[in-house]
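Here the structure is laid out as structure tokens; the discussion comes afterwards.
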Amino acid sequence: MSDCCVSFSFFSAWSVAIDRNDTIFVATYYGSVLEWKKNTSGEGKVVVDQLGEPRGISIDSFGTLYIADCGGDSVVRVLAGSKKATVIAAGNGIGDAPNQLYNPADVAFDSYGNLYVSDYGNSRVQRFKINLKASANSFESSYPSFLSMFSIAVIFFLNTSD
Amino acid sequence: MAGSDKISSPGGIFIDRHNTLFIADQYNYRIIKLEYGATDATVFLDGLDYPADLVFDSEGTMFIAEKESLTRWTKDPRNRTVLGRSDWFISVTIDPKQEHLYTTEYGHNRVKKYTANGRAEQNGTEVIPNVNSRKILVLYVCLTVVFLSLFFQHGVLQ
């Protein structure tokens, strides 16, 4: 079972989100989210970079991007037109505590605005209630020893506080 | 889920309009489903080939990025159609108009597009042939050159 932050090839496109204008957003292995306007395919425009390793990305109807940051063990949000990524869930180092993630792979929302995260490294899916006023947290990636992957799949109900 | 069944290193997740959570339990070759408010998840579809990601359209048609096949599953009955092939799909996304699927693959720096309701297998279109920034490539080449020259210098001084 490979760590999701290890890629087959050094450069890879991880995942894609499309907005209602057919703008394509791509999360790349080397830490950037790039965008291409409809019908363009040359050099992508940097939306955000210096993420740990953006993996799954999701976009809502307002054009806000939500990114499972595999290398940062967090979920970040980028408002439409912004270049600033704000941590909205976890980002408290690698671990399996309720406020931690380990190599998150994907994000999704339900119609109540709850955030679900595919927590690849902890073999679970987590649910977070997002604080709408989530403030910018600085975080550092730490890579402790390899943790055992086997745990029961449960859904945790959480209130995040910043 | 029955017994002590567990998910293992989940890949993509999707939530449909009924707030049902679907999980690509890739290393167990299956899709797991958890209805909103339920405490037990169930196996939705199994016997798959390392399903890494999935999406549904608004009509309930499911699309799965299996390892070597991008597959479409109609709602009722669940019939499987192969839309595209790869060495190893990583992800699949559907556009808001629900017309096209976009995929990424291991070992390829590209984004490909497929017609969601295509009847037959497609080659797909490379909408972004190369995701990599030229600046990043130049940066890495420069770093390699610097590293090699330091290494060489050290070797000469010895």
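The values are calculated or read from the model by the stated rules, or taken from the named source; none is laboratory data. Worth saying up front: this structure is predicted, and the values here are computed from it rather than measured. In this analysis, Cβ positions are derived from the backbone assuming ideal geometry, glycine residues included, and neighbour counts consider all displayed protein chains.
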Practice prompt. For region B:21-45, enumerate the residues that are buried (at least 20 other Cβ atoms within 10 Å of the Cβ) and either aromatic (Phe, Trp, Tyr) or in contact with a helix residue (DSSP H, G or I) (Cβ under 9 Å, 6 or more places away or on another chain) (or both).
Written response: B:22
Discussion item. Any residue that is in contact (Cβ under 8 Å) with a residue 60 or more places away in the chain and either surrounded by fewer than 19 Cβ atoms within 10 Å (Cβ to Cβ) or not in a loop (DSSP other than H, G, I, E, B) (or both) - is there at least one of those in region B:91-98?
Written reply: yes
Item to complete: Show the residue pairs that are 6+ apart or on different chains and have beta-carbon atoms under 6 Å apart, the first residue being within region A:90-113 and farther than 17 Å from residue A:76 by Cβ, the second being among the hydrophobic types (A, V, I, L, M, F, W, C) and assigned to a strand (DSSP E or B).
Response: A:110/B:15
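Results for (1) in contact (Cβ under 8 Å) with a residue 12 or more places away in the chain; (2) surrounded by 21 or more Cβ atoms within 10 Å (Cβ to Cβ); (3) among the small types (Gly, Ala, Ser); (4) at the interface with chain B (Cβ under 7 Å from one of its Cβ atoms), shown as yes or no for each residue.
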| position | (1), (2), (3), (4) |
| --- | --- |
| A:14 | yes, yes, no, yes |
| A:28 | yes, yes, no, yes |
| A:33 | yes, yes, no, no |
| A:41 | no, no, yes, yes |
| A:44 | yes, yes, yes, yes |
| A:49 | yes, no, no, no |
Worksheet item: Are any residues in region B:88-137 more than 24 Å from residue B:15 (Cβ to Cβ) and among the aliphatic types (A, V, I, L, M), and if so, which ones?
Response: B:120, B:127, B:128, B:131, B:136, B:137
Item to complete: Go through (1) more than 14 Å from every other protein chain (Cβ to nearest Cβ); (2) out of contact with any Phe, Trp or Tyr (no Cβ under 8 Å at 6 or more places or on another chain); (3) at pLDDT 90 or above one by one and return the number of the condition residue A:93 breaks.
Response: (2)
Discussion item. Suppose we filter region B:93-133 for residues that are hydrophobic (A, V, I, L, M, F, W, C), within 21 Å of residue B:52 (Cβ to Cβ) and more than 9 Å from every other protein chain (Cβ to nearest Cβ); how many remain?
Written reply: 2
Fill in: Selection count, region B:9-42, where residues are of a type in the set (Lys, Arg) and modelled with pLDDT of 95 or more
2
Worksheet item: So which of B:101, B:150, B:139 ends up being closer than 20 Å to residue A:59 by Cβ and free of Cβ contacts under 8 Å to residues at least 60 places away in the same chain?
Response: B:101
Worksheet item: If a residue has to be basic (Lys, Arg), farther than 23 Å from residue B:13 by Cβ and not in a strand (DSSP E or B) to count, how many in region A:15-66 make the cut?
Response: 2
